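So the structure is just underneath, and the comments pick up after that.
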Amino acid sequence: MRRQIRNRPEDATDEALEGLALTHPALIAYDRQAGIVTRATPARDKVGLVSGGGSGHEPLHAGFVGAGMLDVAVPGAIFASPTALQVHEGTVAADSGRGVVQIVKNYTGDVLNFQIAEELAGDDAVVTESVLVDDDLATQTDEDTPGRRGTAAVLAVEKICGASAEAGAGLREVAELGRRVARNARTLGFALSAGTHPGATDPAFTLADDEVELGVGIHGERGTGRIPFADADSLVAQVIDPLIGELSLARGSSVVAIVNGLGGTYPIELGIAARAVHRRLSDRGVSVARSLVGSYVTSLDMVGLSVTLLPADADLLPLWDAPVRTPALTW
């Protein structure tokens, strides 16, 4: 059993958000009553961006509130959607008169509550557009399901939409850009061990020492299958090759690559994985225009990683490179 740094399990989310806001008082503020994280100094005369979802994925989304990314984050309890009223509060708070783009990961509760909040915002004369992020290749199927899950590509959507909004783009333009990024990005991950909820004694699932869960979700969902444990280069190849195929990346293509730790993965492991990603893509004739390596969209203390690939269209790179200053991402 892994011991945890916590007080009461039911207070974990609030206390963590309070700690984040106390650490970055110049960047963000946490309104515990409304259940939202806002910029310390709200932006003016720009399209607002709001996103949210269950906690347990830190630094997503609260860590990406700030200049160049989100205006407001709406955190739910661990792995649970925020309420529609929370999202409504966040949407209104994000509005500076030019409308609000809601960035929603594709999970049933999130989709439903953001839809209700969108209707409520209309009653308050706040114009909204919605961007659905559904990048998880492991859940792609022709069967009648909710569709692909939203995972680490939400980071790229928030970064690129954030830069576009900061540059003065209009509501529809920012939303269409976000939909294009979401449509073109794909993610696939694997886990060596599952995460454990605060206060729980057991992880979401267990693996033998020689097993790896391939296609794992960020809520402790099981993957599409188990593969033998292998060295880093071999494991990374098993996520890179399907992504190349799905995105039809030909020789000469260029991508933005995000190597994302799932919460319990050491930085040195992510560095080794990043090397493997670059080398595997290079072997297939695909260059990496930009890359990001770190733990950004996590699943509590899950040990594993995901790789997100996004074709590096020339008009996206300046938006990726644009300045950003948030608790979890700054350049």
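The values are calculated or read from the model by the stated rules, or taken from the named source; none is laboratory data. Treat the numbers as computed from the prediction; the structure is a model and nothing was measured. Don't worry about glycine lacking a Cβ; one is built from the backbone with ideal geometry, like all the others, and counts go over all protein chains shown. Heavy atoms of the whole protein, side chains included, go into the accessibility calculation; ligands, DNA and RNA do not. Shrake-Rupley method; radii C 1.70, N 1.55, O 1.52, S 1.80 Å.
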Pair list, Cβ under 6 Å, 6 or more apart: region 40-67 residue without any contact (Cβ under 8 Å) to a residue 40 or more places away in the chain, other residue part of a strand (DSSP E or B) and among the aliphatic types (A, V, I, L, M): A40/I28; A40/A29
Failed item in (1) out of contact with any Leu (no Cβ under 8 Å at 6 or more places or on another chain); (2) at pLDDT 95 or above; (3) of a type outside the set (D, E, K, R); (4) farther than 19 Å from G220 by Cα, with L49 passing the rest: (1)
Hits in region 261-312 (condition: of a type in the set (S, T, N, Q) and touching a Gly at 6+ places or on another chain (Cβ under 7 Å)): T265, S295, T298, S299, S306
Looking only at region 241-293, and only at residues there that are among the hydroxyl-bearing types (S, T, Y) and farther than 20 Å from V216 by Cβ, the one that is surrounded by the most Cβ atoms within 10 Å (Cβ to Cβ): S253
Candidates A73, A67, filtered to the one that is open to solvent by less than 10 Å² (accessible area, probe 1.4 Å), closer than 29 Å to P318 by Cα, of a type in the set (G, A, S) and within 20 Å of the chain's Cα centre (by Cα): A73
Of the criteria (1) over 30 Å from P203 (Cβ atoms); (2) open to solvent by 40 Å² or more (accessible area, probe 1.4 Å); (3) touching a Gly at 6+ places or on another chain (Cβ under 7 Å), which one F79 fails: (1)
Some residue of region 86-102 being touching a Phe, Trp or Tyr at 6+ places or on another chain (Cβ under 6 Å), closer than 25 Å to D31 by Cα and touching a residue at least 60 places away in the same chain (Cβ under 8 Å): no
Members of region 163-196 that are more than 19 Å from the chain's Cα centre (by Cα) and not in a helix (DSSP H, G or I): A167, G168, A169, G170, L192, S193, T196
Members of region 228-240 that are free of Cβ contacts under 8 Å to residues at least 40 places away in the same chain and either crowded, with 21+ Cβ neighbours inside 10 Å or among the hydrophobic types (A, V, I, L, M, F, W, C) (or both): F229, A230
Region 5-30, subset closer than 16 Å to A94 by Cβ and touching a residue at least 40 places away in the same chain (Cβ under 8 Å), residue most open to solvent (accessible area, probe 1.4 Å): L27
Hits in region 181-230 (condition: of a type in the set (V, I, T) and under 12 Å from L262 (Cβ atoms)): T187, V216, I218
Count - residues of region 85-99 that are assigned to a helix (DSSP H, G or I) and either open to solvent by 10 Å² or more (accessible area, probe 1.4 Å) or at positive phi (or both): 6
Residues that are part of a loop (DSSP other than H, G, I, E, B) and in contact with a strand residue (DSSP E or B) (Cβ under 9 Å, 6 or more places away or on another chain), drawn from region 197-217: H197, P198, P203, A204, F205, T206, L207, A208, D210, G215, V216, G217
